[in-house]
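First the structure, in the form of structure tokens, and then the observations on it.
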Amino acid sequence: MIKTALKTTVAMVATGLLSSAVLAGDLVINFDDPNPAPKEAFETAVEAFKAANPDINVTVNINDREAHKTAIRNFLSADAPDITSWYPGNRMAPFVEAGLFEDVSDVWDDNGFHDALAAIKPTMTIDDKQWGVPYTYYQWGVYYRKDIFDKLELAEPTNWEEFNAVAEKLKEAGVTPITIGTKFLWTAAGVFDYLNLRTNGYEVHNDLTAGKIKYTDDRIKKVFETWKEMVDADYFVENHATMSWQDAIAPFANGDAAMYVMGNFSVDGYLNAGLTEDQIDFFQFPEITPGLPRAEEAPADAFFIPSGAKNKEDARKFLAFIAQPDVQTEWNNTIIQLPINKNAEVGDNKFLKEGFETLSTASGLAQFYDRDAPAQMAKAGMEGFQEFMLDTSKMDAILERLDGVQEEVYK
Amino acid sequence: MANSTTTADPAPPGNLRWQKNRLAIAPWLFVAPALIFFSIYVIIPIFQSIALSFYEWNGLYDGEGQSTAKWVGLDNYRKLLFDDERFYISLKNNVIWLVLYMLAVPLGLAIALFLNQTVTGIRFYKSMFFFPFVISQVVVGLIYGWFYNPDYGVVGSLWKWAFCEETINIMGNVTTKCSTKPPDILGDEDWATYGIIFAGLWPQVAYCMILYLTGLNNVSPEQIEAGRLDGAKGWKMLRHIILPQLAPATFLAIVVTVIGALRSFDMIAIMTRGGPFGSSNVLAYYMYETAISEYGDRYGYGSAIATVLFLIMLVYISYFLWRMYRDEKDNS
């Protein structure tokens, strides 16, 4: 009875949002980014698709990103569009497990995507099947104030010793080495992921987020000990717990902090804060364990076909279309991110060039802590990271608590 | 017993039955819309949510429209009551909210007494004091979020004025160096809850004040006069003459303040989102976080939290209903 009542409400809401009368040849696409550049890139691709397939009548619904995260849970089962945007990794897992996403391995087979999209294939795969087609991703790493580095005659550090030397020099000059805002938690996960990837490597990251390694494992403890040294040596800005990632740009722009562990989407924020492209630069997160194969964070966005879609045939055509090299080139040039198709061209932008260089030579690509780990674990983990950054003496208690959550989540 | 005598009446039955029962049916007809909506939006969801609390469910239906919920019996409650530190932190914060929020009642009374005089422009002052209650809780939350900000807020600026000096940093920009760190109230696990409550008191005091101001209008001047003749003044006058007459206003003020304390959700969502690391959660926000927020989707567990919260509130609601019932009986 709960179900029917819920479903009716859900259906009523969904019919309001989407066009419900879909005929053959109609294709309904739900997209989740109404910001100017992503919207324009998406609409341009849709126009190109229409031009190539004049018999298909495409309807587009563009939702707010946060609203989409809630709405998708309803529309997938109540009134499914033919295509929806969503995220790979553990974010797609609940929908795949509930049978709400269509297996699109055939699209990968028919279009040679296994090779062309190989970079993101592992995270698009569950049970040896592919469940969607990715269209963009971006690099993470350390963004820094090049003018400050130049003034202090510092070079981009490549290993941990050099990194610590740089940090000490910055502190001597009265500059906080790293800015961060942990109010929304995930920024701390970026730091943790990189420390873990550089200390223990890609396999340990995957095993940890898959629940195969405990948080009290010596390898993870080692990560936290390195992190503890950083926090205790005042590498991070104060008051980070009340700052969002945008707030944390302020000390960076003012010259009070010199480095930021971030994703490429943040470049826009630096420019808006009044910095010029010459003042900022990028380096790969430095090596910690010598000789360890370098893995990177590279969150991807993708399109999926709901299993309740009415026009799966044309939906497959669209998925095949958006992964074509020329489409991905144009799309990512507009949103200033990296195309996934290895035959696509990277935009003419110094951060994209460095990003491409970083990702194409990486030994493994992680999505991000909160996409690789299940939601409940990610939430508890990220709260733990924030707590740890505020009081490093709680390390053991936090790790033990995370073990408890882990036991519960992966049972 | 009028009914039994009229049943023997030979008049046309349909019309008559309406006539006979009009008095009994009419009230129900008037109440029906409210009852229907109250059932759909309040009563039925309460039972649905209690039912859900025995399941583990991520909120999804599979391709065939079947719920993916799994029956776990009392497991959610076992975890919640015996295994969940966050739950007790939230419960403790709920209690802190209830206790400290009560300050709104005496503070509101004090301001009302102060404003209850006839001076030019008193209406203006009254509306100024009432102003915070008019603006949305979300706006109050945002304002106080900035107020507390250790970098550019009022707290931060005062601190800088007292303990910091301005210097020029390496890039030639103005920056401040402090001898002691400014307090990061909303980012500190021990202070965050108190910071939010303090912000919440601002509109709540205004609310209580307006209730008392209306109450003061109805205080009988004869009794005050009589009291004065008997030599009562100051504290005694307030305690024995004014306050008893304000009892209905006090009752109402306490009721709305308890409700306000339990509705702390908006302020928490805006100011800290339950953080840092869950230390300023209350049960309502914890439930939201567990069931509906981005990293939640544990509807069963969230429902268990909701049920516990419901049981706690039931105690208060029962007292309130009992008290209303008693008052009505006394009056009739």
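The values are calculated or read from the model by the stated rules, or taken from the named source; none is laboratory data. Keep in mind that what you see is a predicted model, and the values were worked out from it rather than measured. Cβ placement follows ideal geometry from the backbone for every residue including glycine, while neighbour counts extend to all protein chains displayed.
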Within segment A:144-165, residues within 14 Å of chain B (Cβ to nearest Cβ) and at negative phi come out as A:Tyr144, A:Arg145, A:Lys146, A:Asp147, A:Ile148, A:Phe149, A:Asp150, A:Lys151, A:Leu152, A:Leu154
I need a count of the residues in segment B:57-79 that are in a loop (DSSP other than H, G, I, E, B), surrounded by 16 or more Cβ atoms within 10 Å (Cβ to Cβ) and more than 7 Å from chain A (Cβ to nearest Cβ). 3
Given the criterion part of a loop (DSSP other than H, G, I, E, B) and under 26 Å from the mean Cα position of the chain (by Cα), identify the matching residue among A:Pro34, A:Pro54. A:Pro34
Among (1) in a helix (DSSP H, G or I); (2) surrounded by fewer than 17 Cβ atoms within 10 Å (Cβ to Cβ); (3) in contact (Cβ under 8 Å) with a residue 12 or more places away in the chain, there is one condition B:Ala162 misses while meeting the rest; what is its number? (3)
Counted residues in segment A:343-374 being within 28 Å of A:Glu156 (Cα to Cα) and in a loop (DSSP other than H, G, I, E, B) come to 10
Filter segment B:275-300 for residues that are within 14 Å of another protein chain (Cβ to nearest Cβ) and of a type in the set (Gly, Ala, Ser); which is nearest to A:Gly181 (Cα to Cα)? B:Gly275
Restrict the check to segment B:94-105 and report whether at least one residue is within 23 Å of B:Gly300 (Cβ to Cβ) and either surrounded by 17 or more Cβ atoms within 10 Å (Cβ to Cβ) or at pLDDT below 90 (or both). yes
Against the condition within 20 Å of the chain's Cα centre (by Cα) and among the small types (Gly, Ala, Ser), how does A:Gly269 come out, does it pass? yes
From the options B:Ser303, B:Ser318, residue that is within 14 Å of chain A (Cβ to nearest Cβ) and out of contact with any Cys (no Cβ under 7 Å at 6 or more places or on another chain): B:Ser303
List pairs: first residue in segment A:243-264 and at positive phi, second residue part of a strand (DSSP E or B) and buried (at least 20 other Cβ atoms within 10 Å of the Cβ) anywhere in the structure, Cβ distance under 8 angstrom, at least six positions apart or on different chains. A:Gly255/A:Arg145
A:His114 versus (1) free of Cβ contacts under 8 Å to residues at least 60 places away in the same chain; (2) within 14 Å of chain B (Cβ to nearest Cβ); (3) within 30 Å of A:Gly347 (Cβ to Cβ); (4) assigned to a helix (DSSP H, G or I): which is the lone unmet condition? (2)
Could you go through segment B:238-247 and let me know if any residue there is at negative phi, within 14 Å of another protein chain (Cβ to nearest Cβ) and part of a loop (DSSP other than H, G, I, E, B). no
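Every residue, every condition in (1) away from chain B (no Cβ under 14 Å); (2) polar (S, T, N, Q), yes or no:
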{"position": "A:Asp82", "(1), (2)": "yes, no"}
{"position": "A:Asn90", "(1), (2)": "no, yes"}
{"position": "A:Val96", "(1), (2)": "no, no"}
{"position": "A:Leu100", "(1), (2)": "no, no"}
{"position": "A:Trp108", "(1), (2)": "yes, no"}
{"position": "A:Lys121", "(1), (2)": "yes, no"}
{"position": "A:Asp127", "(1), (2)": "yes, no"}
{"position": "A:Gln130", "(1), (2)": "yes, yes"}
{"position": "A:Val142", "(1), (2)": "yes, no"}
Here the residues within segment B:177-204 that are touching a residue at least 24 places away in the same chain (Cβ under 8 Å) and farther than 17 Å from A:Asp391 by Cα are B:Thr193, B:Tyr194, B:Gly195, B:Ile196, B:Ile197, B:Phe198, B:Ala199, B:Gly200, B:Leu201, B:Trp202, B:Pro203, B:Gln204
I'd like to check something: does segment B:119-128 contain any residue that is within 14 Å of chain A (Cβ to nearest Cβ), surrounded by 10 or more Cβ atoms within 10 Å (Cβ to Cβ) and among the charged types (D, E, K, R)? no
